[in-house]
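The structure appears below as structure tokens.
What follows draws every value from the coordinates through simple rules; no lab data is involved. Keep in mind the model is a prediction, meaning the values are calculated, not measured. No Cβ is skipped: glycine too gets one built from the backbone with ideal geometry, and neighbour counts run over all protein chains shown.
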Amino acid sequence: MKHLTEYSDPASIHALAAEIARISKRPARIMEVCGGQTHAILRHALDTLLPPHVQLLHGPGCPVCVTPSAYLDHAIAIARRPDVILCTFGDLLRVPSDSSGDLYAAKARGADVRMITSPLQALDFARANPDKQIVHLAIGFETTAPANAMLAYLAKDKGLANVSLLVSQFLVPPILRAICADPETAPDAFLAAGHVCAIVGSDPYVSLARELNRPIAVTGFEPADILLGVLDVLRLFEQGRAEMINAYPRVVHPSGNPEALRIIDAVFQIADREWRGLGVVPLSGLSLRPEYAAHDAAQRFPLAPKLVYKQVNDAPECPAAKVLLGKLQPPDCPHFGARCTPDHPLGAPMVSPEGPCAAFYLHRR
Ligand code: SF4
């Protein structure tokens, strides 16, 4: 269990917390942009180990939470077709769409929606069901992009014309820029998600820290990893240095994963993306390159005229956008734990296992 037990060792954790308390002099707001880190912070109560003037904010790092509701309308409309098998990871099943319910309800009404653990399972479905269209819901950040790209690449390479992807892939740096452009949301420092940086490398975050004029620590997921990231950004913050520190070098290399980057670049191109509740952020996502148009589900199954992508979010009373920008902590939402629970969610952040509202509900209620 090397690299797990040693990073969960209580003595190390308390030593890191003591060092944070010793060096931190000024109020600081630190945002992580990763649902896995949000859950780790709450599961291990790491925020309670910090001085009161150091606040952890939970940014838009849950992929399901930022997938637009109209994308789900589109996915449900495709799933209802009798000639379609729709593939998705399980956490998207119960996220409410704009007007069509959720994928789980569509499945209950007879749509062939299959929960998968790897996008490449779509290839097996395609071979076993040549008379069906296999549509994979390709969502997520840089972490999921390589496997989704590999699906498109193999489908084209192997001539599986009945495989297509409905893409809603996001990129982290553009949303950090958008967050920093608003003085109300701009934090003092960021923890960058270790698994994202395992793909893209830590190098891009060197110039990003300079550009955003804020320290960034590339951070892992165990309790000591997260406190080490907090300690690193606080040291830089106290010294007024807008730099990047790789606090997760056992996983993240400066240049990332060259094979993963190659397949992403071969299949995807940078595009504008709508973020659920946050609107369209220019050049903040990926779409399929024109060479892969034949495997683009958005082109194969175009939206009906009434299904335009628009900035419709969760239930009108759900302030999910404020939560995802760190303006509101989930327990301060009036519906948290009352009208809104994981069994009866009003918004995506309460649905996804990576959502901040679900994290507070599970670990802090
Ligand atoms: S607790 Fe529920 S209603 Fe409140 S922001 Fe979170 S998802 Fe929305």
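A few remarks follow.
- Only helical runs count toward this figure. For the chain, summing -39,500 (n - 2.57) over DSSP H runs of n ≥ 4 and dividing by all residues gives -10500 deg cm²/dmol at 222 nm.
- Classified by the C-alpha gyration tensor, the range 320-364 has a rounded form. Its axis ratio a/c, with a ≥ b ≥ c, is below 1.5.
- Placing dummy labels 7 Å off each Cα toward the beta-carbon, the span from Arg210 to Ser12 is 3.2 nm.
- Each residue of the range 319-333 is assigned a 3J(HN,Hα), and the resulting list reads x, 4, 4, 5, 5, 6, 9, x, 7, 9, 7, x, x, 7, 6 Hz, derived from the Karplus form 6.51 cos²θ - 1.76 cosθ + 1.60 (θ = phi - 60°), x at Gly and Pro.
- Couplings 3J(HN,Hα) for the range 253-259, derived from phi with the Karplus relation 6.51 cos²θ - 1.76 cosθ + 1.60 (θ = phi - 60°), are 9, x, 9, x, 10, x, 5 Hz, where x marks Gly and Pro.
- For the range 91-101, putting each phi into the Karplus relation 6.51 cos²θ - 1.76 cosθ + 1.60 with θ = phi - 60° gives couplings of 6, 8, 4, 10, 6, x, 8, 5, 9, 10, x Hz, in residue order, rounded to whole numbers and with x for Gly and Pro.
- Cα gyration tensor, the range 199-247 - rounded (a/c under 1.5), prolate or oblate: oblate
- Alpha-carbon Rg/Rh ratio, for the range 121-220, with Rh computed the Kirkwood way: 1.15
- Taking amide H positions as modeled 1.01 Å from N, with prolines and chain starts lacking one, the residues under 5 Å from Leu346 and 5 or more places away or on another chain are Thr341.
- For the chain, alpha-carbon Rg relative to the globular expectation (2.2 N^0.38 Å, N residues): 0.99
- For the pair Val251 and Ala147, label points projected 7 Å from Cα toward Cβ lie 1.4 nm apart.
- Cut-off under 5 Å, modelled amide H: who pairs with Ile116 long-range: Thr88, Phe89, Gly90
- Beta bridges by DSSP in the chain, antiparallel share as percent, to the nearest 5: 20
- Put a dot 7 Å past the Cα of His363, heading toward its Cβ, do the same for Leu154, and the two dots end up 3.3 nm apart.
- Three-way shape label, the range 2-48, alpha-carbon gyration tensor, a/c 1.5: oblate
- Segment Ala294-Arg241, length gained on full extension (0.36 nm per residue, minus Cα span): 14.3 nm
- Helix 10-23 vs. the chain, principal-axis angle (Cα, 0 to 90°, nearest 10): 60
- Residue-span extension gain [Arg262 to Glu317] - 0.36 nm each, minus C-alpha spacing: 15.5 nm
- Contact order normalised by residue count of the range 158-285, Cα under 8 Å, 6+ apart, percent: 29
- Acute angle (nearest 10 degrees) that the helix 172-181 long axis makes with the longest principal axis of the chain, alpha-carbon atoms: 60
- The chain: most fluctuating residue of Leu261, Leu57, Leu191 per GNM, C-alpha cutoff 10 Å: Leu261
- Linear extension gain, Arg22 paired with Arg80, 0.36 nm per residue minus alpha-carbon span: 15.1 nm
- For the chain, Cys34, Cys87, Cys180, Cys197, Cys318, Cys333, Cys340, Cys357 have no disulfide-compatible partner, since no other Cys C-beta lies under 4.7 Å from theirs.
- GNM result for the chain, Cα springs below 10 Å: residue of Pro334, Pro119, Pro223 fluctuating most strongly: Pro334
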